[in-house]
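The values are calculated or read from the model by the stated rules, or taken from the named source; none is laboratory data. It should be emphasised that the depicted structure is a prediction, and the values quoted were computed from it without experimental measurement. As a convention, Cβ positions derive from the backbone with ideal geometry for all residues, glycine included, and neighbour counts pool all protein chains shown.
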Protein chains: 2
Amino acid sequence: MSKVLAKAREAREASLKLANVPEKTRNSALAQVAISIVKNKGKILEANAKDVQAAELLHKQKKISWSFLQRLKLNEDKVGNISRMVGSVAKMEDSIGKTVYALQMNDGLELYKVTCPIGVIGSVFEARPDVLPQVSSLCLKSANAIILKGGSEAKNTNRAFYGLIRRETENAGIPNGWIQMIEGREEVKELLKLSDKIDLLLPRGSKEFITYIQENTRIPVLGHAEGICHVYVDAHADLKQAIDVSYDAKVQYPAVCNAAETLLVHSNIAAEFLPKIAEMYRKAGVEMRGDEKTMKILPWIKRATEADWKTEYLDLIISIKIVGSVDEAVDHVNKYGSKHTDSIITNDRKTAMRFLTGVDSSSVMLNASTRFSDGYRYGLGAEVGISTGKIHARGPVGLEGLTTTKYYVIGKGHKVADYIGPKAKMFTHKPLHKKWSEK
Amino acid sequence: MSKVLAKAREAREASLKLANVPEKTRNSALAQVAISIVKNKGKILEANAKDVQAAELLHKQKKISWSFLQRLKLNEDKVGNISRMVGSVAKMEDSIGKTVYALQMNDGLELYKVTCPIGVIGSVFEARPDVLPQVSSLCLKSANAIILKGGSEAKNTNRAFYGLIRRETENAGIPNGWIQMIEGREEVKELLKLSDKIDLLLPRGSKEFITYIQENTRIPVLGHAEGICHVYVDAHADLKQAIDVSYDAKVQYPAVCNAAETLLVHSNIAAEFLPKIAEMYRKAGVEMRGDEKTMKILPWIKRATEADWKTEYLDLIISIKIVGSVDEAVDHVNKYGSKHTDSIITNDRKTAMRFLTGVDSSSVMLNASTRFSDGYRYGLGAEVGISTGKIHARGPVGLEGLTTTKYYVIGKGHKVADYIGPKAKMFTHKPLHKKWSEK
């Protein structure tokens, strides 16, 4: 048996036990991890220093960027934050064991639909040292087993966190083997084949990486490959709001999935609005690429090509297009967007509703920056990911994305034969005002 | 462009419009279909007669079974039932436009999570003439576009229903092209590749067919490949309940996915229970296949092999195994079952809970027949399918399986920059007691 298969089997077996570990045990294990992270910060920083040293060499060779290096680097403060994050997951409301539907099917025959963990989660992520403790905590909180694969540049840091979390949680009564780690591309390839052992994949990384995973596995994948987000400035926009949102959505943090990549502007407001936002973009170092009509107003910018409408720049670049109506804007978003987050700026209610209901994206906004699309800002506590798919979960996903349901039927020897034929008993189908946990 | 791609594009375009068709229009279109089915019953029966004629020939050549032929055959009564079924879908509660979460993020910044259709559903199903009107009605009710592919033996019946439904709904104001039909295996192959046009597949059919689909598409698949359901008779079982449920689960309708295939019996009750149920099974013509221990009690039955524990008979055959504990029963179910439906018969509360929480199946039952696992019996109104997967929907799935959610964010020019840095505004994250539909 391969190492990966052995680990997946161990995780699968642990997951069946973990599903029945009480909330109290899961929470105290998380609290123990939080304490232990602070206690062992010396060892964690030591491991991280090795990763940083190797990464600095790669940076000198121009193989990784400065910001990549900064994200990799831990310090005492960051370790403290990670410990607090784990502690806060322990305090979140339990997402499992909730009765979502209870029905009296007939006298003495009761139905309960109850939330429960999914089973085994596969998490493949980039080289950021905070991801492993975060996703492990969320999985333990929701009683799921997890198989981790982190970016190789954070190898030593990941090993330190993994070792600590596994030791502390297993000592605290969490089933042995609930958390597993694999390394290397070959092991990921193997993992993708284990559709009978792994229930859900949560990949993070580049568009190419997510697409590779989606195309090479039968395991359901939750997440997004890219965020091509739009801001549409309507003819009836408040000019100040239009400028505030268009600027924020592009400039505030351009390297993230919910930053805007394309600005759509109604022709009636373009001559007034575009020179103002262009001046602000210019000062912020934003490169603008416009369609033919835009270039009549801003003749000094670059010409946008068809490829621009389909590109997630993740950088200080924006494409600009003038449209004749909200319908043209909606069509453009549905054709070129990535179903992530799009915003309209308007004071006209009817136009707003056309855009909000017409755009087929996970988040659609009115007079607000696309940058608000985020699990923490949406009040979900912690974010498992942002889904641009429509199955299971859509948009920013909290703990409920790690949760499924199970039906319990409680009878007294009930048989279906009694509900068939000329003397058939009738189902009562009355709502039951009882919780499964009260049984 | 291929015909299938053209149809999928048309469906995708229609789905964007259909998402905003009011409930009233969708319901009156469904009511119109129900009326028209009765009006056109002559034409429908004529088309069906052609299918039946061809099928009778196949039956004589022993290529299809008698029960297959019976299921294919329509009559006036059955057409009336189909019409009533469509009418009842019109009267179901709307599953879309519901506010599931509303939050004040900050002054003037509001978040709504609202249920909405998934988009385009692909439905591939066996030769039963009632499936096409049923699945089309459920899709229209939930504002989804649909691409249909039915069993070729019902070709003429399917064409008659498809033509009628398309004509009546488009006349009633449903967007042109919302319903599409394809025929032939080559077209299915093409359909499976259109992961950017189709959001969800609902396949029905044999285990081989479902597995083929799961292995050959990136589109999410909802359903089940097989139902290997267990009844476990515990040492503390009520003998009458054990007999009633074991008999019902196997005999009442053996050809369906929620019928039992394996009987697990605790060793303490086996000598008393097995001869009684065996006598009843014998009279009903059930072939029994036992493990070594079972054959000591029932020496006249067949010996079960390893393959029996993994087999969905869909017939009057049952495998029987004696176990030493509830834990052994749970392990057997989790190892050999198909995560569909399993039942324990016991009066011991602690043992019951071990089984209910330990078995990793979509429905787990206490003292009730596995045959109850069904959307109608669970009070879901209509059933889209039964899912043995854990993602999106699990167990019998009603209209909510055709529904996803969308986030709406309503601001007044809010920008994220105000919530960052030393002077950051704080999110209020107060529950909003408002519905999206009241906006």
Subset of segment B:294-335 [within 14 Å of chain A (Cβ to nearest Cβ) and either small (Gly, Ala, Ser) or touching a strand residue (DSSP E or B) at 6+ places or on another chain (Cβ under 7 Å) (or both)]: B:Ala329, B:His332, B:Val333
Run B:Asp418 past the list (1) more than 10 Å from chain A (Cβ to nearest Cβ); (2) farther than 24 Å from A:Ala424 by Cα; (3) acidic (Asp, Glu) and report the number of the one that doesn't hold. (1)
With A:Thr351, A:Thr357 as the choices, which residue is assigned to a helix (DSSP H, G or I), surrounded by 19 or more Cβ atoms within 10 Å (Cβ to Cβ) and of a type outside the set (Gly, Ala, Ser)? A:Thr351
Identify, from the list A:Lys60, A:Lys73, the residue that is over 30 Å from A:Ile118 (Cβ atoms), away from chain B (no Cβ under 14 Å) and surrounded by 15 or more Cβ atoms within 10 Å (Cβ to Cβ). A:Lys73
Condition test on A:Ile410, is it within 18 Å of B:Cys116 (Cα to Cα) and touching a residue at least 40 places away in the same chain (Cβ under 8 Å)? no
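For segment B:324-338, how many residues meet the condition of being crowded, with 17+ Cβ neighbours inside 10 Å, without any contact (Cβ under 8 Å) to a residue 60 or more places away in the chain and assigned to a loop (DSSP other than H, G, I, E, B)?
Start the filter on segment B:324-338 by keeping residues that are crowded, with 17+ Cβ neighbours inside 10 Å, which leaves B:326, B:329-330, B:332-334, B:336-338.
Then drop every residue that is not without any contact (Cβ under 8 Å) to a residue 60 or more places away in the chain, which leaves B:330, B:334.
Filter once more, so that each one left must be assigned to a loop (DSSP other than H, G, I, E, B): none.
Final tally of qualifying residues: 0.
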Return the residues of segment A:345-371 that are among the aliphatic types (A, V, I, L, M) and at the interface with chain B (Cβ under 7 Å from one of its Cβ atoms); say none if nothing qualifies. A:Leu356, A:Val364, A:Met365, A:Leu366, A:Ala368
3 or more residues touching a helix residue (DSSP H, G or I) at 6+ places or on another chain (Cβ under 6 Å) and either hydrophobic (A, V, I, L, M, F, W, C) or in the same structural domain as B:Ile182 (by TED's automatic domain parsing) (or both): qualifying helices (runs of 4 or more DSSP H) within segment B:1-75: B:23-39, B:41-60
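Search segment B:360-373 for residues being assigned to a strand (DSSP E or B) and under 23 Å from the mean Cα position of the chain (by Cα), and hand back the single one that is surrounded by the most Cβ atoms within 10 Å (Cβ to Cβ).
Checking each candidate, the answer is B:Ala368.
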Out of segment B:200-215, which residues are facing another protein chain (nearest Cβ under 10 Å) and touching a Leu at 6+ places or on another chain (Cβ under 8 Å)? B:Leu200
Segment A:58-76 residues that are closer than 30 Å to A:Lys39 by Cβ and modelled with pLDDT of 90 or more, paired with ones that are of a type outside the set (D, E, K, R) and part of a loop (DSSP other than H, G, I, E, B) (beta carbon under 6 Å, 6 or more apart): A:Leu72/A:Ala127; A:Leu74/A:Pro129
Filter result for A:Asp238 (charged (D, E, K, R), within 11 Å of chain B (Cβ to nearest Cβ) and under 15 Å from A:Leu314 (Cα atoms)): no
Say whether the condition of being assigned to a helix (DSSP H, G or I), in contact with a Pro (Cβ under 9 Å, 6 or more places away or on another chain) and under 24 Å from A:Ser362 (Cα atoms) is met by at least one residue in segment A:202-210. yes
Inside segment B:139-184, the number of residues satisfying the requirement of being polar (S, T, N, Q) and either surrounded by fewer than 20 Cβ atoms within 10 Å (Cβ to Cβ) or assigned to a strand (DSSP E or B) (or both) is 5
Do you know which residues across segment A:372-392 are at the interface with chain B (Cβ under 7 Å from one of its Cβ atoms) and under 21 Å from B:Pro431 (Cα atoms)? A:Phe372, A:Arg377, A:Tyr378, A:Gly379
From B:Ala382, B:Ala424, residue being of a type outside the set (D, E, K, R), out of contact with any Asp or Glu (no Cβ under 7 Å at 6 or more places or on another chain), crowded, with 16+ Cβ neighbours inside 10 Å and not assigned by TED's automatic domain parsing to the domain that holds B:Gln104: B:Ala382
Among B:Lys390, B:Lys434, which is over 30 Å from B:Leu202 (Cβ atoms) and at pLDDT below 95? B:Lys434
Members of segment B:215-226 found to be at pLDDT below 90, surrounded by 15 or more Cβ atoms within 10 Å (Cβ to Cβ) and outside any loop (DSSP other than H, G, I, E, B), listed by number: none
Those residues of segment B:270-288 which are surrounded by fewer than 19 Cβ atoms within 10 Å (Cβ to Cβ), in a helix (DSSP H, G or I) and touching a residue at least 24 places away in the same chain (Cβ under 8 Å) amount to B:Ala271, B:Glu272, B:Lys276, B:Met280
How many residues are of a type in the set (Ser, Thr, Tyr) and in contact with a Pro (Cβ under 6 Å, 6 or more places away or on another chain) if we restrict to segment B:375-391? 1
Matching residues in segment B:305-323 (surrounded by fewer than 23 Cβ atoms within 10 Å (Cβ to Cβ) and small (Gly, Ala, Ser)) number 1
